[in-house]
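Notes follow the structure.
The values are calculated or read from the model by the stated rules, or taken from the named source; none is laboratory data. These figures come from a predicted structure and were not determined experimentally. FYI the Cβ positions are ideal-geometry reconstructions off the backbone, even for glycines, and counts take in every protein chain you see. Calculation scope for accessible area: heavy atoms of the full protein, side chains included, ligands and nucleic acids excluded. Shrake-Rupley method; radii C 1.70, N 1.55, O 1.52, S 1.80 Å.
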Amino acid sequence: MSQTMVNLYIFVLSCFVGYHVIWGVTPALHTPLMAVTNAISGIVIVGAILVAGAQDNSAAIFFNITTMQLIGFVAIFLASINIFGGFVVTNRILAMFKKRK
Amino acid sequence: MGNTVAQLNPDLVGMAYLIATLFFIYGLKGLSSPKTALLGNASAMTGMGLAFAITLAFPSVGNYGLIFAAIASGAVIGIVIARKIKMTAMPQLVACLHSFVGITALLVALGTFLLDQLNNTVVPLITMIELTIGSFVGAITFAGSIIAFGKLQGILSSKPLIFKHQHFLNLVLTVAIIVLGIEFLMHHNATTLVIIDVIALILGFLLVVPIGGADMPVVISMHNSYSGWAAAATGFVLNNQLLITTGALVGSSGAILSYIMCHAMNRELYKVMSGGVGLHAVDLEAMERESTQAIKAAAVEDVAFLLENASSVIIVPGYGMAVAQAHHAIKELYDVLTEKGVSVKFAIHPVAGRMPGHMNVLLAESDIPYDVVFTMDEINKDFAAVDVAFVIGANDVVNPAAKNVQSSPIYGMPILEVYKAKQVLVSKRSMKPGYSGIDNALFEAVNCSLVFGDAKHTCEMIVKAIRGAA
């Protein structure tokens with residue numbers, strides 16, 4: 001089985017896990033659900049780090065930054081806003097949900 | 001790509017990614033109840049921390065100065081926004097964050113391709129396909145979310161922008177992308193990839209432009225889903241399993257939310273995806289005119305009297321509550337009625353507001369306990385027995401035409417059955433019809449009275465009247 005096929009297995013099974021977990025989420029928390037999924041989809045930062053951190057011998061476009069590093073920098077920057085912003089705002093929302101005294 | 005993990009034990013990386021995935025799953029599972037949700041969020045954060053740590057430890061990763069500068073600046077901005085943002089502006093924030101995931105996925109796909117070209121790596125066909133799909137989904141997500149953000153923020157008109165041959169144009173662009181995609185797979189030309197992405201951006205814009213404000217819950221959920229698929233596609237490109245699992249979780253989450261929203265609006269998902277949401281349901285001219293319905297207007301004092309002498313009240317908030325920022329005033333109303341021994345509950349329609357769960361967050365912000373807030377399915381049976389149903393800034397979601405007028409554009413949409421209550425009170429700004437542009441027969445019903453004015457002001461006046469009388 002090729003690596004792509006293995007990845008496809010992982011993907012499909014993860015979709016099923018997601019399907020069952022998400023149906024269990026209470027509708028009252030659908031906004032924090034979106035906020036936290038926002039945060040964790042910031043996981044693309046992993047790819048951004050690999051791009052920015054790669055050994056790259058191409059010519060610098062300004063100072064000593066190459067095109068690749070610039071692309072990687074912007075990607076990491078945006079994904080970080082997602083991750084930190086997403087988790088913090090989720091925390092803020094969830095802290096507001098209180099039971100009757 | 002594959003060689004990045006070569007010197008770090010691949011099983012160690014795999015194990016770390018598996019644990020991070022479990023932390024994420026637990027994070028989502030925590031949201032099944034407000035009691036466990038905060039712990040869940042902490043769990044998801046732990047997973048993210050682990051993912052950061054292991055990725056930074058890859059031997060192929062250098063340029064730490066650059067990386068940490070990017071993370072730190074993003075973190076500062078993200079945290080500041082998250083702390084300052086008003087809860088009424090959450091839909092905009094979420095749309096904005098979706099666009100970031102989209103553009104990041106696009107950049108990573110482009111960057112990875114350029115990197116492979118620089119290193120003269122022979123890229124297998126399957127990776128090229130994944131790369132094309134990854135950048136395409138990223139571009140669609142980015143462009144669509146930006147438009148959604150603009151509409152929600154009020155930078156763009158929230159009215160649907162409809163022009164002729166819209167669907168034909170979308171079709172032409174899609175065909176162009178497919179043709180160029182094949183060309184790219186054959187010749188590996190970076191310019192072709194860039195052109196594909198530019199067309200995908202245009203397509204992303206066009207798909208959301210015709211969608212109006214009240215359909216935003218569907219659009220936001222859909223982009224939530226797309227952002228997940230974009231992350232998963234990036235995972236396939238990089239052969240990174242953590243991105244695949246996480247992307248799949250987020251993607252299915254958004255897909256389920258889209259399904260719930262479509263169901264609650266009686267829309268078909270494929271129509272939403274092809275950019276045709278509500279095209280037939282929205283009568284633009286009808287939205288502008290004042291209705292000529294025969295209605296009864298009530299004074300604030302009458303409303304106050306009815307509310308304080310009821311034994312049970314159900315409050316139905318809608319988008320109008322968010323617009324008027326009336327939720328704190330409603331909390332006061334809740335307090336004063338509860339003090340008088342009135343049982344007060346809240347009923348939330350799934351598509352009330354501009355995003356899933358929007359109303360719940362606003363009510364929670366104003367300190368209304370979550371255990372008096374109910375979903376449509378939970379509370380519909382209670383309306384028949386309730387003394388007063390008080391509708392604040394909602395219209396279509398309480399329109400009985402959805403149940404009994406087959407020719408109505410909203411026929412078939414599930415509604416909150418407020419018309420069954422002994423007395424219905426509606427706080428409204430004007431007699432303009434709701435989003436669907438149709439009259440609401442509820443307003444003419446014998447048991448219904450309307451109180452006109454800004455929802456916040458109305459609620460404050462009611463509270464004053466009740467307090468004054470006591």
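Please find, among B:Gly213, B:Gly150, the residue that is touching a Lys or Arg at 6+ places or on another chain (Cβ under 9 Å), open to solvent by less than 20 Å² (accessible area, probe 1.4 Å) and on the phi < 0 side of the Ramachandran plot. Before the answer, list the steps.
Details: B:Gly150 fails: touching a Lys or Arg at 6+ places or on another chain (Cβ under 9 Å).
Being touching a Lys or Arg at 6+ places or on another chain (Cβ under 9 Å), open to solvent by less than 20 Å² (accessible area, probe 1.4 Å) and on the phi < 0 side of the Ramachandran plot holds for just one of B:Gly213, B:Gly150, which is B:Gly213.
Give me a count of the residues in region B:370-393 that are open to solvent by less than 10 Å² (accessible area, probe 1.4 Å) and in a loop (DSSP other than H, G, I, E, B).
First, the residues of region B:370-393 that are open to solvent by less than 10 Å² (accessible area, probe 1.4 Å): B:372, B:379, B:383, B:386, B:388-392.
Subset that is in a loop (DSSP other than H, G, I, E, B): B:386.
Count: 1.
Taking region B:332-367 as the region of interest, how many residues are buried (at least 23 other Cβ atoms within 10 Å of the Cβ) and β-branched (Val, Ile, Thr)?
Number satisfying all stated conditions: 3.
Just give me the residues in region B:41-66 being facing chain A (nearest Cβ under 8 Å) and either under 31 Å from the mean Cα position of the chain (by Cα) or in contact (Cβ under 8 Å) with a residue 40 or more places away in the chain (or both), in sequence order.
We begin by selecting, within region B:41-66, every residue facing chain A (nearest Cβ under 8 Å); these are B:41, B:44-45, B:47-48, B:51-52, B:55-56, B:58, B:60-64, B:66.
Residues satisfying the conditions are B:Asn41, B:Ala44, B:Met45, B:Gly47, B:Met48, B:Ala51, B:Phe52, B:Thr55, B:Phe58, B:Ser60, B:Val61.
Looking at region B:344-363, is at least one residue in a loop (DSSP other than H, G, I, E, B) and without any contact (Cβ under 8 Å) to a residue 60 or more places away in the chain?
If we filter region B:344-363 for residues that are in a loop (DSSP other than H, G, I, E, B), which is where we start, we get B:349-357.
Cutting the leftovers down to without any contact (Cβ under 8 Å) to a residue 60 or more places away in the chain gives us B:352, B:357.
Among the residues of region B:344-363, at least one is in a loop (DSSP other than H, G, I, E, B) and without any contact (Cβ under 8 Å) to a residue 60 or more places away in the chain, which makes the answer yes.
Just to be sure before I move on: is B:Phe68 of a type outside the set (S, T, N, Q) and in a helix (DSSP H, G or I) in the structure I sent? Steps first, answer last, please.
Numbers: of a type outside the set (S, T, N, Q): yes; in a helix (DSSP H, G or I): yes.
Considered against the rule, which asks whether it is of a type outside the set (S, T, N, Q) and in a helix (DSSP H, G or I), B:Phe68 comes out as yes.
Mind checking which residues of region B:394-410 are open to solvent by less than 30 Å² (accessible area, probe 1.4 Å) and polar (S, T, N, Q)? Spell out the reasoning first.
Taking region B:394-410 and keeping what is open to solvent by less than 30 Å² (accessible area, probe 1.4 Å), we get B:394-402, B:408, B:410.
Once the filter is applied, which keeps residues that are open to solvent by less than 30 Å² (accessible area, probe 1.4 Å) and polar (S, T, N, Q), region B:394-410 yields B:Asn395, B:Asn399, B:Ser408.
Quick grid of which residues meet (1) loosely packed, with under 14 Cβ neighbours inside 10 Å; (2) at pLDDT below 95:
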site: B:Val5; (1), (2): no, yes
site: B:Ala20; (1), (2): no, no
site: B:Ala57; (1), (2): yes, yes
site: B:Gly65; (1), (2): yes, yes
site: B:Ile79; (1), (2): no, no
site: B:Ala89; (1), (2): no, yes
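Before we move on, is B:Leu450 outside any helix (DSSP H, G or I) and open to solvent by less than 70 Å² (accessible area, probe 1.4 Å)? Explain how you work it out, then say what you get.
On the way: outside any helix (DSSP H, G or I): yes; open to solvent by less than 70 Å² (accessible area, probe 1.4 Å): yes.
When the stated conditions are applied, B:Leu450 passes them.
Determine, yes or no, whether A:Met5 is facing chain B (nearest Cβ under 7 Å) and either without any contact (Cβ under 8 Å) to a residue 60 or more places away in the chain or more than 30 Å from B:Pro124 (Cα to Cα) (or both).
Working: facing chain B (nearest Cβ under 7 Å): no; either without any contact (Cβ under 8 Å) to a residue 60 or more places away in the chain or more than 30 Å from B:Pro124 (Cα to Cα) (or both): yes.
Here the answer is no, as A:Met5 does not meet what is asked.
May I ask you to list the residues in region B:22-37 that are open to solvent by 40 Å² or more (accessible area, probe 1.4 Å) and farther than 20 Å from A:Ile43 by Cα?
Going residue by residue through region B:22-37, those that are open to solvent by 40 Å² or more (accessible area, probe 1.4 Å) are B:22-23, B:26, B:29, B:32, B:35-36.
Within region B:22-37, B:Ser32, B:Lys35, B:Thr36 meet the criteria.
Per-residue answers, yes or no, for (1) more than 7 Å from every other protein chain (Cβ to nearest Cβ); (2) modelled with pLDDT of 95 or more; (3) touching a strand residue (DSSP E or B) at 6+ places or on another chain (Cβ under 6 Å):
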position	(1), (2), (3)
A:Leu13	yes, yes, no
A:Val21	no, yes, no
A:Leu29	no, yes, no
A:Ile40	no, yes, no
A:Ile43	no, yes, no
A:Ala52	no, no, no
A:Asn64	yes, no, no
A:Ile83	no, yes, no
A:Lys98	no, no, no
